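Beneath this line is the structure, given in structure tokens, with notes to follow.
The values are calculated or read from the model by the stated rules, or taken from the named source; none is laboratory data. Because the structure is a prediction, the values reported are computed rather than measured. Here the Cβ positions follow ideal geometry from the backbone for every residue, glycine too, while neighbour counts run over all protein chains shown.
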Amino acid sequence: MAKLTLLLSERKQVAEATTTFRFELAGQSFSFQPGQFIRVGLPNPPHPDPKGNARSFSLASAPSDPFLLIASRMTGSPFKTSLAEVPLGTPVTISGPAGSFVLDPNSHSPVALFAGGIGITPFRSMIRHVQEHDPARRLTLVYANRCREQAAFLEDLEAWAKDNPNFRLLATMTQPEKSKTPWSGPTGYVDVNFVQRYLPELPSGGYYVAGPPRFVSGVTQTLREAGVDGAHVWTDEFTGYK
């Protein structure tokens, strides 16, 4: 496991209460598989956190990027408040990578990805990597949010789906009436009816589900009801948000 000191180079709001943080590698080497996570530490945070001055985040960047990118729902915790307030150029410690929520590198079979809210982060990394190295591989992303304003990276995903017919984006909004922008795409929760309607041919390469525990357990149950073997479902629960 590597341990680096990198500089915070950029912060950007990418959805309601969701911010990305970019750390420049600046020539340093950091190898990881798309879907893995890192541990980010602030050595001298302005707001000490009783839960510690480090948190784990899935990487949203691709392994080919010259930087590491994470995204977080901004919950007001002391750690995240510190990360949002420290000056750009502040050094942070990066430990990792860790985690086994990764695509099989030896498979080219079609897969389905299910993201709930901030659970999109590991999938952004996976999709970018596949687009670069195996663009013929068929990926279907089901991305659930309450409304468009809360859907981080949605514009990126829409552009990638437009450029590559092998990447299919199914973004669904459960409360589209709360959006300031009209929504003409799928709506509602990811239940059995949704899966049967939009995924009539179930992919052979497996199913990956990431997001809050309630989303992960709900989609896992839905897939079971749709006839999917649980051995072909991999999950990543985003707990706490603190």
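Couple of notes before you dig in:
- For region 168-178, the criterion of being closer than 25 Å to Val233 by Cβ, at pLDDT 95 or above and basic (Lys, Arg) is met by at least one residue.
- Flag if Pro87 is assigned to a loop (DSSP other than H, G, I, E, B) and over 27 Å from Leu157 (Cβ atoms): yes
- In summary, Arg73 fulfils each of the numbered conditions (1) buried (at least 18 other Cβ atoms within 10 Å of the Cβ); (2) modelled with pLDDT of 95 or more with the single exception of condition (2).
Residue-by-condition table, conditions (1) surrounded by 17 or more Cβ atoms within 10 Å (Cβ to Cβ); (2) among the hydrophobic types (A, V, I, L, M, F, W, C); (3) assigned to a loop (DSSP other than H, G, I, E, B):
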residue: Pro203; (1), (2), (3): yes, no, yes
residue: Ala210; (1), (2), (3): yes, yes, no
residue: Arg214; (1), (2), (3): no, no, no
residue: Val219; (1), (2), (3): yes, yes, no
residue: Arg224; (1), (2), (3): no, no, no
residue: Gly227; (1), (2), (3): no, no, yes
residue: Ala231; (1), (2), (3): no, yes, no
residue: Thr235; (1), (2), (3): yes, no, no
residue: Thr239; (1), (2), (3): no, no, yes
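Each row is one residue, and each column tells you yes or no for (1) part of a strand (DSSP E or B); (2) closer than 26 Å to Ala54 by Cβ; (3) among the polar types (S, T, N, Q).
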site	(1), (2), (3)
Pro105	no, no, no
Ala112	yes, no, no
Ser125	no, yes, yes
Arg137	no, no, no
Trp160	no, no, no
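- The residue list Glu155, Glu85, Glu132, Glu149 contains one member that is of a type in the set (Asp, Glu), farther than 20 Å from His232 by Cβ and not assigned by TED's automatic domain parsing to the domain that holds Pro200, which is Glu85.
- All positions within region 149-159 that are buried (at least 20 other Cβ atoms within 10 Å of the Cβ) and touching a Phe, Trp or Tyr at 6+ places or on another chain (Cβ under 8 Å): Ala151, Leu157
- Residue within region 84-94 that is in contact with a His (Cβ under 9 Å, 6 or more places away or on another chain) and touching a residue at least 24 places away in the same chain (Cβ under 8 Å) present: yes
- Check on Phe101, under 17 Å from Phe238 (Cβ atoms) and in contact (Cβ under 8 Å) with a residue 12 or more places away in the chain: yes
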